[in-house]
Structure formats: structure tokens, C-alpha cells
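The structure appears below as C-alpha cells.
The values are calculated or read from the model by the stated rules, or taken from the named source; none is laboratory data. Since we're looking at a predicted model, the values are computed, not measured. Reconstructed Cβ throughout: ideal geometry from the backbone, glycine too, with neighbour counts over all protein chains shown.
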Amino acid sequence: MSKILIAEDEDGLRMLLERQLTRSGYTVHTAQDGQAALEALLREPFDLVISDMKMPRLDGMGLLREAQERHLPIDFVVLTGHGSLEGAVEAFKNGNVADYLLKPLEDIRMLSRIVAKALEARRLKEENARLSTALPETRQLEQLLELTECYLSLVQDRQLSVEEALVALPQEAPPGVAPSLTKAFITMARQRIASPPELALAA
């Protein structure tokens with residue numbers, strides 16, 4: 001279940017936002033100003049922050065900057081009045097603002113839709129990051145497989161002895177590949193080269 005932090009100094013609006021998101025199935029924590037929100041972010045992880053732009057002690061822009069400077073992996077939905085819309089536009093330039101809501105809220109249900117969209121965007125961003133990290137490792141293993149097939153072909157054509165092929169195989173993990181995964185892969189490759197089907201049939 002997604003965990004959301006609401007930073008809003010107006011008691012009535014803060015309770016309204018909390019009630020709506022709780023009804024939508026989220027775990028909700030609240031903070032009365034930006035400083036309290038920052039302290040909460042430093043204590044525990046959240047999936048999304050809904051923050052007013054104008055608050056005492058630390059305003060919305062200050063909270064955004066603090067989160068960015070501290071490299072906190074969190075996205076924001078900002079609350080702003082018509083008169084401070086420029087502040088919301090400026091906040092978007094930080095790169096970690098998913099959306100904004102104009103005050104006063106005309107339809108509280110819009111909050112749930114925007115939060116759902118922001119959380120889905122965050123999920124996709126994390127999935128893309130995971131895939132980007134996995135791609136180099138996948139390519140390294142593909143290269144090991146191609147190398148194994150090449151040596152196997154040379155052994156089958158009697159251009160290379162089994163012993164020579166085994167010596168030529170990599171013995172250590174390439175950069176970016178888990179050593180345990182490489183060890184298992186190389187063990188499989190050595191077994192494949194040491195007992196190629198054609199040689200087994202000939203025996």
C-alpha cells in the first residue's frame with residue numbers, strides 16, 4: 001500500500017486531504033509545515049508528498065530543494081493558489097514534481113486521480129531504472145553465451161581441443177555482473193564444451 005505525506009498548514013484542508021486519500025486506500029501521514037514534513041521524510045520513506053507552496057518555517061519550494069539536495073527518492077504534488085501559479089511552474093523545473101492542484105479545490109475527487117497518476121508514473125520510472133541497470137548484465141551474459149557457442153563450434157570442427165577451449169573461457173565475472181551468476185554460467189559453459197553432443201556420439 002502506497003504511503004503518502006501531506007504537508008499543509010491549514011488544518012481544515014489538511015484533514016480534508018487526509019480523509020480523501022485514506023478513503024482511497026492509501027496510508028497517510030500529515031505535517032503542519034515544510035520543516036515537519038522534511039523531518040518526516042528523513043525518518044522514513046514515502047511514495048509521494050503532497051505539499052502546499054506557502055507554509056511557515058519551510059515553504060514548499062524550500063522543501064523541494066531540501067529533498068533534492070539530500071537526494072531523497074520522492075516525488076511531489078504541489079498545492080498552489082491562482083496567485084502563486086508561477087511558483088508551481090518553477091517547482092516543475094526541479095524535476096521531482098509530478099503534478100499540481102489549484103486551491104481552492106473544486107472537486108476533492110480530483111486529488112485521488114492525480115495521486116494515482118503520480119504513483120503510476122513513479123512506478124514506471126522505477127521499473128525503467130531497474131531495466132536500465134539490468135541491461136548491461138544481460139548483455140554481458142549474452143556475450144558469454146556467444147563465446148561458449150563459438151568455442152563449442154571450434155571443438156566440434158576439431159579446430160580446437162577441449163582443453164584449449166576450457167582454458168580460453170573467462171574465469172572471472174565481467175564488470176557489472178554478479179560473480180555468483182558468472183560462476184554458475186561458466187560452470188555450465190565448461191560442461192557444455194567438455195561434453196559436446198558430437199563427441200559423445202563419436203565415443
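Restricting attention to the stretch 63-83, which residues are assigned to a helix (DSSP H, G or I), closer than 22 Å to residue 104 by Cα and at pLDDT 90 or above?
Correct list: 63, 64.
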Restricting to the stretch 14-35, what's the tally of residues that are surrounded by fewer than 17 Cβ atoms within 10 Å (Cβ to Cβ) and in a helix (DSSP H, G or I)? 5
Residues that are out of contact with any strand residue (DSSP E or B) (no Cβ under 6 Å at 6 or more places or on another chain) and either crowded, with 23+ Cβ neighbours inside 10 Å or of a type in the set (S, T, N, Q) (or both), drawn from the stretch 36-60: 55
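Would you mind stating whether residue 97 is of a type outside the set (Phe, Trp, Tyr) and at pLDDT 90 or above?
Details: of a type outside the set (Phe, Trp, Tyr): yes; at pLDDT 90 or above: no.
Answer is no for this residue.
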Restricting to the stretch 107-122, what's the tally of residues that are loosely packed, with under 13 Cβ neighbours inside 10 Å and either within 18 Å of the chain's Cα centre (by Cα) or modelled with pLDDT under 85 (or both)? 1
